[in-house]
Amino acid sequence: MQQFYHPELYPGCDFALFSKEESRHIIKVLRKKHQDSILLTDGKGNHYEGCLEILNSKSCGVHISSVTPIEPDRYQLHIAIAPTKNMDRLEWFVEKATEIGIHQITPILCDRSERKTIKHERLHKIAISAMKQSMGAYLPQINPLTTFDDAVQKAQGMCAIAHCHDSQKELLKTIVNTHKNIHVFIGPEGDFTDEEIALALSNSFVAVSLGHKRLRTETAALTACQTVSILHS
């Protein structure tokens, strides 16, 4: 069954209207019919079942018959990532990370960043689409673009910075399995600067390696996501 997203749903509600855009998609594109069964999520950890009510050619709603709370992950993963020069790569990461399981994504502006702007609303829509497709119930939080310094100051939990410099580093997989709140920083194609690494380490970050190969930004971020997900599954 296909899943839909409705951010205004909540346990206890019995009817909800879809937006004009979503109604058009349901009626005109998906060809859904009156009284069709439908599965939804609020993106906050609940699945809903109901039946479709076609009000007119441009509007539809859903009568909710049941709600099922989905148990949250036993961990919280926050990836801070420098936006890639090719925006398609960042969008790919957001899509795949949402499918695997991620809780927050913060684009960060670094000294060597090749891209200094993002389309926040588009990333949000990509995360919604990926959550729906993968039958997830939790929509990750996509934060606005922020500076590296501010992101470091606000980081919480077990904080790690993945870089390619020749210095002592821990393997990410060896340190995350004992932590429930994990925040990993992934730098731009040119890597973090010495000053950025020093700032992170002075704020109790751990320098980590994701393996022996040098990875693209989006590949490194997804590797970190998959590593944490597997170790906490």
Residue 68 open to solvent by 50 Å² or more (accessible area, probe 1.4 Å), of a type outside the set (Gly, Ala, Ser) and modelled with pLDDT of 95 or more: yes
Any hit, the stretch 141-149, residues being over 21 Å from residue 199 (Cα atoms) and either open to solvent by 70 Å² or more (accessible area, probe 1.4 Å) or among the small types (Gly, Ala, Ser) (or both): yes
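Does residue 60 qualify as being more than 30 Å from residue 161 (Cβ to Cβ), open to solvent by 30 Å² or more (accessible area, probe 1.4 Å) and among the hydrophobic types (A, V, I, L, M, F, W, C)? Reasoning before the result, please.
Working: more than 30 Å from residue 161 (Cβ to Cβ): yes; open to solvent by 30 Å² or more (accessible area, probe 1.4 Å): no; among the hydrophobic types (A, V, I, L, M, F, W, C): yes.
Spelling it out, it is not the case that residue 60 is more than 30 Å from residue 161 (Cβ to Cβ), open to solvent by 30 Å² or more (accessible area, probe 1.4 Å) and among the hydrophobic types (A, V, I, L, M, F, W, C).
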Matching residues in the stretch 100-136 - criterion: being over 21 Å from residue 154 (Cβ atoms), hydrophobic (A, V, I, L, M, F, W, C) and within 12 Å of the chain's Cα centre (by Cα): 100, 126, 128, 130, 131
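Which one of 131, 135 is at pLDDT 95 or above and at positive phi?
Values: 131 fails: at positive phi.
Step by step, each of 131, 135 is checked, and only 135 is at pLDDT 95 or above and at positive phi.
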Hits in the stretch 124-136 (condition: surrounded by fewer than 22 Cβ atoms within 10 Å (Cβ to Cβ) and aliphatic (A, V, I, L, M)): 126, 128, 130, 131, 135
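List the strands (runs of 3 or more DSSP E) that sit entirely inside the stretch 1-81 and contain at least 3 residues that are under 30 Å from residue 181 (Cβ atoms).
Numbers: elements: 3-5, 15-17, 37-41, 46-56, 59-69, 76-81.
It comes to 46-56, 59-69, 76-81.
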Subset of the stretch 210-228 [within 14 Å of residue 176 (Cβ to Cβ) and buried (at least 17 other Cβ atoms within 10 Å of the Cβ)]: 210, 223, 224, 225, 227, 228
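The values are calculated or read from the model by the stated rules, or taken from the named source; none is laboratory data. Not measured: the values here are computed from a predicted model. Please note: Cβ atoms are built from the backbone with ideal geometry, for glycine as well, and neighbour counts cover all protein chains shown. Surface areas here come from the heavy atoms of the whole protein model, side chains and all, with no ligands, DNA or RNA. Shrake-Rupley method; radii C 1.70, N 1.55, O 1.52, S 1.80 Å.
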